[in-house]
Amino acid sequence: MYFFFYFPVGLDRSVGRRPVLSLWLMTVFTVAFLWLHYLPWLFSFSPWNLVYFPGLNAPWTLMTAVFMHNGWAHLLGNLVYFWVFAPALESRLGAGRFLLYFLLWGTAGNLVHGWVATLGLLGQGGLGVMGASGAIAGMMGYSLLRMRDARIDIAWWILAPLVGQNRAGRTGLPLFVGVVAWIAWQVIQASLAGFTGSTVSFGAHLGGFGMGLIMAAMLGAGRDGRVEALLARGQKYMREGAFFAAAGEFTRYLEMEPGSRVGKLELARTLHLVEQKDEACRLYREVFRQDLEAGNIPALLEDQGEWRRQCGPEAMSPQELSRTAHYQEVALDDEGALETYCALHRTYPEHTLGQRALVRIIVLASGKVSRPELAGNYLDLARRALPPGSWRDFLEREFSLSAGSGADPGQGRVPAVPAG
């Protein structure tokens with residue numbers, strides 16, 4: 001005797017948010033199973049009325065049958081398959097679209113089963129259908145294009161007691177290989193179902209898979225999959241230290257997604273590593289302006305920090321440094337604002353915004369940040385270098401700065417009111 005069992009147990013695709021809908025659907029599967037098998041008397045309505053029997057039940061049972069399962073092995077097996085694919089798809093499609101597609105895939109699979117059962121094919125004439133496997137097969141078909149270069153982990157067990165074989169393991173495969181092998185196995189089993197007497201609904205599996213593949217092709221999932229593959233390969237090359245190859249992938253990614261801030265940041269980091277710093281700094285500036293236009297201030301503050309570390313403060317204009325410091329103060333990051341003001345004054349000491357930065361350094365270091373030595377050093381600098389005007393008047397009023405000492409009347413005037 002020879003037994004071979006396998007299950008998918010993982011997919012190497014990131015999940016950007018908590019898969020709330022996927023968890024809720026798994027809960028519904030489990031609750032419906034308990035109702036069907038252990039508490040059918042709980043309501044006046046029989047749960048068996050939710051199972052699809054071709055030609056006998058209401059049409060809406062094509063959909064409700066997706067949530068019903070026949071036994072523990074049926075339920076647990078579907079939960080495992082579902083959890084491998086659902087979170088990644090929910091993350092990419094959004095909860096609303098994922099739920100709609102899932103129901104369409106399940107309904108299509110059950111329709112194909114109804115056709116098979118009505119015609120008496122595969123030895124399944126007159127049989128009803130229940131379970132999420134048709135919808136899960138649709139998820140696999142859709143994933144084949146949407147996550148085309150993903151890898152899937154397969155847990156397997158080989159048991160052949162007559163020859164002393166008992167082996168188990170876990171193997172990573174390209175998703176394409178894993179899914180095509182699964183669908184080929186479904187076709188083989190379907191062709192033998194008339195002889196084996198199997199009651200597995202291969203029609204639902206093949207119908208759901210076909211609907212998933214068709215929808216993926218019609219809805220542009222193939223293009224989305226190519227875009228994601230370029231980004232994933234670029235990030236893989238970066239981890240491996242193949243920076244020129246990574247730059248090529250990120251460049252192609254941006255050709256397809258020119259507005260992607262993630263792609264611009266990844267390419268900027270890569271170009272910095274291959275000594276193309278001018279181009280890297282240009283991309284950082286694009287991301288900064290993009291964040292500013294979108295009002296994405298947390299991202300702007302994070303990205304400018306990376307920009308400044310990689311390219312130096314001189315790569316940023318006085319206006320960009322000043323705006324960054326302002327947003328840091330608004331975000332109550334006074335230490336960060338102090339650092340940015342220091343960089344602004346050090347880089348552009350003669351610029352109006354550089355002179356304003358000098359004042360803000362003294363105010364922050366004397367108050368919120370409480371670094372009196374730094375405040376004293378910059379006060380001495382202000383006595384020597386700050387020209388007459390409102391900034392100097394402010395410091396004289398608040399910090400007893402000598403109004404005449406070190407003043408250069410040839411310097412230009414500055415704004416009338418120091419901003420807080």
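For this structure, a couple of remarks:
- Only alpha carbons enter this Debye calculation for segment 224-316, each as an equal point scatterer, and the log10 of I(q)/I(0) it gives at q = 0.13, 0.17, 0.18 Å⁻¹ is -0.41, -0.69, -0.77.
- Alpha carbon centroid spacing (whole Å) that separates segment 156-226 from segment 33-69: 27
- Tail beyond 32 Å, pair distance distribution of segment 3-219 (Cα, percent): 17
- Distance (nanometres) between label positions extended 7 Å along Cα→Cβ at residue 219 and residue 23: 2.4
- In segment 1-54, the inverse of the mean reciprocal separation of distinct Cα atoms equals 14.9 Å; this is its Kirkwood hydrodynamic radius.
- Folded to 0 to 90 degrees: helix 175-196 orientation relative to the chain principal axis, Cα: 10
- Based on Cα contacts under 8 Å between residues 6+ apart, segment 3-219 shows a relative contact order of 28 percent.
- Calculated on the Cα set of segment 83-148, radius of gyration then Dmax: 13.7, 40 Å.
- Residue-normalised convex hull volume from the C-alpha trace of segment 123-276: 149 Å³ per residue.
- Straight-line reach from residue 277: taking Cα to Cα under 25 Å and skipping same-chain neighbours fewer than 8 places apart, the lysines in range are 236, 264.
- Sequence ranges 165-174, 312-321, 218-227, ranked by mean other-Cβ count within 10 angstrom, highest first: 312-321, 218-227, 165-174
- When percent of Cα pairs over 33 Å apart is computed from the coordinates, the matching label among (i) 32; (ii) 51; (iii) 55 is (iii).
- What the phi angles of segment 110-126 give under the Karplus curve with 6.51, -1.76 and 1.60, with θ = phi - 60°, is a coupling list of 5, 4, 5, 4, x, 5, 4, 5, 5, 7, x, 7, 6, x, 10, x, x Hz, glycine and proline written as x.
- Estimated FRET transfer efficiency when R0 is 45 angstrom, pair residue 274-residue 192 (beta carbons, to 0.05): 0.20
- Using a Förster distance of 30 Å, the FRET efficiency for residue 99-residue 184 (Cβ separation, nearest 0.05): 0.55
- Choice from 213, 379, 144 showing the highest fluctuation, given a GNM over the chain with Cα pairs closer than 10 Å: 379
- Expressed in units of 2.2 N^0.38 Å, where N is the residue count, the Cα radius of gyration of segment 290-385 is 1.05.
- The angle between the Cα long axis of helix 334-347 and the main principal axis of the chain comes to about 60°, on a 0 to 90 degree scale.
- Within the chain, the longest run free of chymotrypsin sites (Phe, Trp or Tyr not before Pro) that sit in a DSSP loop with at most 10 other Cβ atoms within 10 Å is 46-420.
- Residue 73/residue 242 FRET efficiency (R0 45 Å; Cβ-Cβ; nearest 0.05): 0.50
- Most fluctuating residue given options 369, 163, 330, as computed from a GNM of the chain linking Cα atoms under 10 Å: 163
- Theoretical ellipticity at 222 nm over the chain - DSSP helices of four or more residues, -39500 (n - 2.57) apiece, nearest 500: -21000 deg cm²/dmol
We did not get these values from a lab; they are worked out from the coordinates using the rules stated. Everything numeric here is computed off the predicted structure, so don't read it as measured data. Reconstructed Cβ throughout: ideal geometry from the backbone, glycine too, with neighbour counts over all protein chains shown.
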